[in-house]
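Working notes for the structure below.
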Amino acid sequence: MAPLVDSILSLFNARLPLKFIYANEYWMVDMGPHIFPVKKYRMLYEKLIARGLRPEDFIRPEPASDDDLRLVHTADYVNKVLTGTLSSLEVQALEMPFSSQVVQYFLLMTGGTIKAAEEALRTGLSVHLGGGFHHAFPDHGEGFCLFNDVAIALEKMKKEGRINRAMIVDGDLHQGNGTAYFFGKKSYVFTFSIHQMDNYPSCKQVSSLDIELRSGDNDDAYLAALQPHFPRLYEEYKPDLVIYIAGADPYQNDLLSGLDISSAGLKKRDRLIIDHARRLKIPLAIVLGGGYADRIEETVEIHFNTIKEAIRTSREGP
């Protein structure tokens, strides 16, 4: 048996069990000829199963409720989405097909991130094979994001008294403008974003801390910009929960990226973010975020590397 298989199988005899949140419906939604690669979710699941995980190691989430959605989104927007009455301009802002099937997809994805937050608080670490739809605003969706699952999950944990303070560490190529806007005047969530500044969205919001990169920046520039802030931010802010958006789209071969970041560079990013949270015993929920490489296998491999880092650190313990 290969060493990687050994490491994955032995994980579940460890003191801290690591659970994965996933539903088959994630890849069954019909997006038509769209750049968003929903097939990556199934491919990643199958890759993990092939390496020794069992179906029972995955938790199937429940769809987010209307009340969950209204923790972040306006009642008017939620009603229009659920009744299929978005205007043509609102659908255009989504930059993706809009249908009842797409709505159900996002309800389930949002439920998945809620479950990941709950599992992280219960065990210290969780991975959602999905999530990270950080462009959705309270009153509209945009940039492939219908609902802001990350903001909803944190608001739910706050409302239920499970956390007092939280942090979003956003490693997606694109700034998390929706989360930055929503939490802009809420002192109990620290929003950190490292992103390509000369890329979507054209109108960026102000995060608690924005690290801006430019087209052509490579691994050295990326890691040099990231490293001074971790573990410093964890130690200074002392969050009760971190949601890490481990986007694969900063990758050099991503169709939407102008950065020159290798898969090895992204793996170092993952290790930095995950290891320091675990060492400081901060509950960490990982969501995948974007990834649009021409070869979908490359996107899947980057997500797989993120999960391997989570598995490694869960075996070693905090």
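For every helix of n ≥ 4 consecutive DSSP H residues, a contribution of -39,500 (n - 2.57) applies; sum these over the chain, divide by its total residues, and give [θ] at 222 nm rounded to the nearest 500 deg cm²/dmol.
Details: 12 runs with 133 residues, N = 318.
Helices in the chain give a 222 nm mean residue ellipticity of -12500 deg cm²/dmol.
Charge dipole of the chain (Cα centre as origin; +1 on each Lys and Arg Cβ, -1 on each Asp and Glu Cβ, all else neutral): 1140 debye, rounded to the nearest 20.
Nearest 5 is fine: what % of DSSP beta bridges in segment 142-235 come out antiparallel, could you say? Intermediate results must be reported in sequence, preceding the final value.
Details: 1 of 11 bridges.
About 10 percent, rounded to the nearest 5.
For Ala293, nonlocal amide neighbours, meaning residues 5 or more places apart or on other chains whose placed amide H falls under 5 Å from its own, are Leu255, Thr299.
Add +1 for every Lys or Arg and -1 for every Asp or Glu among the other residues with Cβ under 12 Å from the Cβ of Gly265, and state the total. Walk me through the intermediate numbers first.
Values: positive: Lys267, Lys268, Arg269, Arg271; negative: Asp217, Asp219, Asp220, Asp260, Asp270.
With Lys, Arg at +1 and Asp, Glu at -1, the neighbours total -1.
Evaluated with a Cβ-only charge set (Lys, Arg +1; Asp, Glu -1), segment 92-161 carries a dipole of roughly 240 debye about its Cα centre, given to the nearest 20. Across the options Ala117, Thr299, Ala151, the greatest Cα extent toward the positive end of the charge dipole of segment 3-316 (unit charges at beta carbon of Lys, Arg, Asp, Glu) belongs to Ala117.
Could you sort the peptides 109-122, 88-101 by per-residue average Cβ neighbour count (10 Å cutoff), highest mean leading? Spell out each step's value before the answer.
Working: 109-122: 25.0, 88-101: 14.1.
So the peptides 109-122, 88-101, ranked by packing, come out 109-122, 88-101.
Close amide-amide hydrogen proximity is noted between Asp170 and Phe192, Ser193, Ile194, Ile245, each under 5 Å apart and 5 or more residues distant or on a separate chain (H modeled in the peptide plane; Pro and chain starts excluded). Would you list which aspartates and glutamates come within 15 Å of Lys186, measuring only between C-alpha atoms, while excluding same-chain residues fewer than 8 positions from it? Within the straight-line limit of under 15 Å, Lys186 reaches these aspartates and glutamates: Glu155.
Please name which of Pro138, Leu259, Val189 has its Cα lying farthest along the dipole of segment 3-316 towards the positive end, using unit charges on Cβ (Lys, Arg +1; Asp, Glu -1) and the Cα centre as origin. The Cα lying farthest towards the positive end belongs to Val189. Return a whole-number percent for the relative contact order of the chain, with Cα pairs under 8 Å and 6 or more residues apart as the contact set. Once divided by the residue count of the chain, the mean separation gives 20 percent.
Measuring r between the beta carbons of Tyr188 and Ala224 and using R0 = 25 Å, the FRET efficiency lands at 0.25. The distance between label points at Glu212 and Arg122 comes to 4.2 nm (points 7 Å beyond Cα on the Cα→Cβ vector).
Sorting 125-133, 195-203, 179-187 by average packing, meaning the other beta carbons within 10 Å per residue, from highest down gives 125-133, 179-187, 195-203. Counting only lysines at least 8 places from Lys19 when in the same chain, those with an alpha carbon closer than 26 Å to its own are Lys39, Lys40, Lys47, Lys115, Lys156, Lys158, Lys159, Lys238, Lys267, Lys268, Lys281, Lys308.
For Val127, nonlocal amide neighbours, meaning residues 5 or more places apart or on other chains whose placed amide H falls under 5 Å from its own, are Lys19, Ile21, Ile286. Judged by the mean number of other Cβ atoms found within 10 Å, the most tightly packed of the peptides 281-288, 141-148, 21-28 leads the ranking 281-288, 141-148, 21-28.
Could you compute the FRET efficiency for Ser65 and Ile296, with r as their C-beta to C-beta distance and R0 at 41 Å, rounded to 0.05?
Numbers: r = 32 Å, r/R0 = 0.79.
The value I calculate is 0.80.
Please work out the C-alpha center-to-center distance from segment 270-318 to segment 100-115 and express it in whole Å. Cα centres, segment 270-318 to segment 100-115: 22 Å.
Read the figures in this text as sums done on the coordinates, not as results from a lab. Keep in mind it's a predicted model, so treat the numbers as computed, not measured. Heads up, the Cβs are rebuilt from the backbone with ideal geometry, glycines too, and the neighbour counts pull from every protein chain shown.
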